[in-house]
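J.: Here it is, the structure in full.
The values are calculated or read from the model by the stated rules, or taken from the named source; none is laboratory data. All of these numbers come straight from a predicted model, not from anything done at the bench. Here the Cβ positions follow ideal geometry from the backbone for every residue, glycine too, while neighbour counts run over all protein chains shown. These accessible areas exclude ligands, DNA and RNA; they are computed on the full protein's heavy atoms, side chains included. Shrake-Rupley method; radii C 1.70, N 1.55, O 1.52, S 1.80 Å.
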Amino acid sequence: MHLKNIHSYSRIKQGCLEGRGLSLAVSDYIPSPVSRRLKIFSFDPGLASQYEMASISEITINVPWEDLQAGPIGEYIEVVDIDPASNALYRPVDLDDPRLLAQDGLAPSQTNPQFHQQMVYAVAMTTIGHFERALGRVALWSSRREYAKGGGYFEHFVRRLRIYPHALRDRNAYYSPDKKALLFGYFPIEVKDKFNTPGTLVFSCLSHDIIAHETTHALLDGVHPRFNIPVNEDVLAFHEAFADIVALFQHFSYPGVLRDQIARTRGNLANENILAQLAQQFGRAAGRGGALRDALGAEDPESGKWVARPPSTTALDHTIEPHDRGAILVAAVFGAFSKVYHARTLDLFRIATEGTGVLPEGAIHPDLAKRLADEAARVAMYVLQMCIRAIDYCPPVGITFGDYLRGIITADHDINPEDEFGYRLAFIESFRQWGIYPRGMRTMSAEGLMWPTGAEAMQDAGVTTMKQDEINRLFEVRTEVDARRTIKSRRRRGAANAIQFKPWDLEGDRLKTWKDIDENSAALWYWLVRSSGGQKLAKAAGLVLEDGRAPATVFRRNGRIAVEVHSVRRALRRTAKGSTTSDLVVEITQRRAGYFDPEVQKAKDKKPQLAKGDTGDFRYRTGCTLLIDPVNMNVRRVIRTPGDILDNGELERQRRYLFEGGLPPNNAYEAATRAMNSREPFAMLHRHGG
């Protein structure tokens, strides 16, 4: 049949159908795409310039499908390509152009700004996907605040994170909490060696690791906006380490790269390999001689050879700088991965070596390399999910590495109680080898590290367990807008309506989810401070409600001690056996004015009330995270800060850190004040290649 006859047949068939009262719905025959394929640099352009690495330097990845505007601009991300240093506005790439869809996007290029836009979009969306799978909910960016003249602030929904691929002509890239944006820099190389040519440009927006790292900063800020306020030596270090962990383990999701590195290391991932390294091109161009960071080791300055870094139980004792301190946490996590990977591949090595466990000289068989790569990918993705899921099991303020370990162990136990492959034991052992442990723990067993259940916390606090009718009050109580306004963060709406706690619901878009968080927070606040059941839980969670016990420096609102319910997030997780479990993740804090001079602190505490506008030299915050079953409202876990708002010992600990904890410059008052109030904490942290 000729082509014109085919067209005629289609028209005749459609006419017959319509004559019978039927219509041909073309869309029924074309399902919506699940993903789009886009080309990226697997690591950075520096790998593409190495002959033996060129074959794995460019890969094609699957990115979740969405309709895009030129930019690209989608549901989560808006790429804005303005280059202020060059006074240029680059034409936005249209990834929905049929020609680009047919070619899996633009080919990797260092000189094409449109590919730079494609690269940041693809890697950022991949990172977002890992977060949503681990946390069981849509990702939300932190809200934009509008400060009111009379005090307090309003919050506005941020639908899209902006990404500026050429924002800076500087050796820097950072997430801006103030702008809700990622800003990438570029700079000329000044080093002359076998990896670098002076005068050529390095674009941080072409580094997979830097993009994933900065996107993770933004995602973590959306979950824990107070994790960028340095109140102890671990807070900023955790932000850096967590971003590195996500970037590193994302390498293992690229099969071709993984198989290549397995073959080169003969299956021993404890040897030097690029999977454990971050931002090779950026680090070398910055004069470091190697990758920006390496989870396994470093180049010996004397011999010039790579040397593995053994675990050290005292490393944290003398490491303060956030990146260096964070690298210890990254090494501990990678050590846990290595232990499980080694255990799960022993049988493959025994089979391949006829029981000796010692591989013969030469390249390993491609089939063995593939099986080892499959195991490495499986272990790495599970470890990555463990690490991301744990951020729901951390206190809302003052995170420490020990808290994070407890979060990892508890979160994994709640979805995989049996732990057949020993992931939790591997984490505990690796963290212990690096000297990471929670303060005040009596045992480092998995059972001892888990955060208490609601019943355990109530028993420890000496209160009776809540009755079901006390819990049910949360669904029944209705409050007026005044209750909402007792919450510190207020969001603009139309007319105020009575609100009610909204049960579990996965429907609706991200804006609706954001609004529900605020309304559920208001309802939970009212139940917590006004009902008998809520007051029992408050005591078990370390919250102070009795005004007579509190000094004047404890923050009050409307004549009562302030309890700030910051969010009621949703989480839907899949267990190891395939079933699903759901949680409400509730964050609650209280605050108190702190003063650098202890004598001033004592005097202010004794006053009847503080003078208007007196907020202290710093803010001491405490609080809890609650994991609640949304069906029956039973409290699964209670995750508390070390002390409550009345704890003068913890207040003194924060004061000492801010005043003596090594914050630059030498003027400790100035450094502490600036660190606590900084609107751009990551800009300075990442300057000049941090």
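J.: Subtracting the Cα-Cα distance from 0.36 nm times the residue separation, let me have the gained length for residue 97 to residue 361 in nm, one decimal.
T.: Separation in residues times 0.36 nm, less the Cα-Cα distance, equals 90.0 nm.
J.: Taking a 1.4 Å probe, which of 374, 97 shows the most accessible area, and what order do the others take after it?
T.: These residues rank, largest area first, as 374, 97.
J.: Set the Förster radius R0 to 51 Å, insert the Cβ-Cβ distance between residue 253 and residue 557 as r into 1/(1 + (r/R0)^6), and round the FRET efficiency to 0.05.
T.: Step by step, r from the Cβ atoms, then E = 0.65.
J.: Okay, next question. So which trypsin sites (Lys or Arg not before Pro) in the stretch 285-337 pass both tests, a DSSP loop state and at most 13 other Cβ atoms within 10 Å of the Cβ?
T.: 305
J.: Can you flag which of 515/606; 149/515; 539/604; 539/577; 179/515; 539/606 are past 28 Å Cα-Cα?
T.: Listed pairs above 28 Å: 515/606; 539/577.
J.: Okay, moving on. Could you work out the helix-only [θ] at 222 nm for the chain, with each DSSP H run of four or more residues adding -39,500 (n - 2.57) and the total divided by the number of residues, to the nearest 500 deg cm²/dmol?
T.: -12500 deg cm²/dmol
J.: Another question about this same structure. In terms of modelled amide H atoms, which long-range or inter-chain residues lie less than 5 Å from the amide H of residue 153?
T.: Long-range HN contacts for residue 153: 148, 490.
J.: Now, a different point. Residues with beta-carbon under 10 Å from that of residue 647, excluding residue 647: net charge, scoring Lys, Arg +1 and Asp, Glu -1?
T.: Here the charged neighbours net out to -1.
J.: Just to be sure I understand the model, the point goes 7 Å from the Cα along the line to the Cβ. What's the resulting residue 511 to residue 55 distance in nm?
T.: 5.1 nm
J.: For every other residue with a beta carbon closer than 11 angstrom to the beta carbon of residue 620, add +1 if it is Lys or Arg and -1 if Asp or Glu, then tell me the sum.
T.: +1
J.: With an 8 Å Cα cut-off and a minimum separation of 6 or more residues, compute the relative contact order for the stretch 321-383 in percent.
T.: 35 percent
J.: Can you sort 418, 272, 587, 146 by solvent-accessible area, 1.4 Å probe, largest first?
T.: Result of the area sort, largest leading: 418, 272, 146, 587.
J.: Further question: On average over all directions, what projected area in square nanometres does the stretch 173-222 have, based on the convex hull of its Cα atoms?
T.: 3.9 nm²
J.: Fully extended, how many nm does the chain gain between residue 190 and residue 302 (0.36 nm per residue separation, minus their Cα-Cα distance)?
T.: Stretched out fully, the residue 190 to residue 302 stretch lengthens by 38.1 nm.
J.: For residue 571, enumerate residues with amide H under 5 Å from its amide H, sequence gap 5+ or separate chain, H modeled in the peptide plane.
T.: 583, 585
J.: Also, quick follow-up: Helix 401-415: angle to the longest alpha-carbon principal axis of the chain, degrees 0 to 90, nearest 10?
T.: 70 degrees
J.: Still on this structure, I have one more. Output the antiparallel fraction of DSSP beta bridges having both residues in the chain, as a percent to the nearest 5.
T.: Counting DSSP beta bridges with both partners in the chain, the antiparallel share is about 85 percent.
J.: Probe radius 1.4 Å, ligands and nucleic acids ignored: give me the carbon and sulfur share of the accessible area of the stretch 279-427 as a rounded percent.
T.: About 55 percent, which is the carbon plus sulfur part of the accessible surface.
J.: So how much slack lies between residue 104 and residue 318, counting 0.36 nm per residue of separation and subtracting their Cα-Cα distance, in nm?
T.: Net length gain for the segment: 72.2 nm.
J.: Please report the accessible area of residue 556 (heavy atoms, 1.4 Å probe, ligands and nucleic acids excluded) in Å², nearest 10.
T.: 70 Å²
J.: Under 1.5 on a/c is rounded, so check that first for the stretch 293-416, then, if it is not, pick prolate when a/b is larger than b/c and oblate when it is not; a ≥ b ≥ c are the square roots of the alpha carbon gyration tensor eigenvalues.
T.: The shape class here is oblate.
J.: If you add up the charges near residue 275, with Lys and Arg at +1 and Asp and Glu at -1, over every other residue whose beta carbon is less than 15 angstrom from its beta carbon, what do you get?
T.: -3
J.: Relative to the longest principal axis of the C-alpha atoms of the chain, give the angle of the C-alpha long axis of helix 3-19, reported between 0 and 90° and rounded to the nearest 10°.
T.: In the chain, helix 3-19 runs at an angle near 40 degrees to the longest axis.
J.: Counting pairs of alpha carbon atoms under 8 Å apart in space and at least six apart in sequence, what relative contact order in percent does the chain give?
T.: This gives 12 percent for the chain.
J.: For log10 I(q)/I(0) by the Debye sum over Cα atoms at q = 0.05 Å⁻¹, the listed values are (1) -0.21; (2) -0.27; (3) -0.33; which was obtained by calculation from the structure presented?
T.: Read-out from the structure maps to (2).
J.: Separate question: Relative to the longest principal Cα axis of the chain, at what angle does helix 510-530 sit, 0 to 90 degrees, rounded to 10?
T.: Between the helix axis and the principal axis of the chain, the angle is about 20 degrees.
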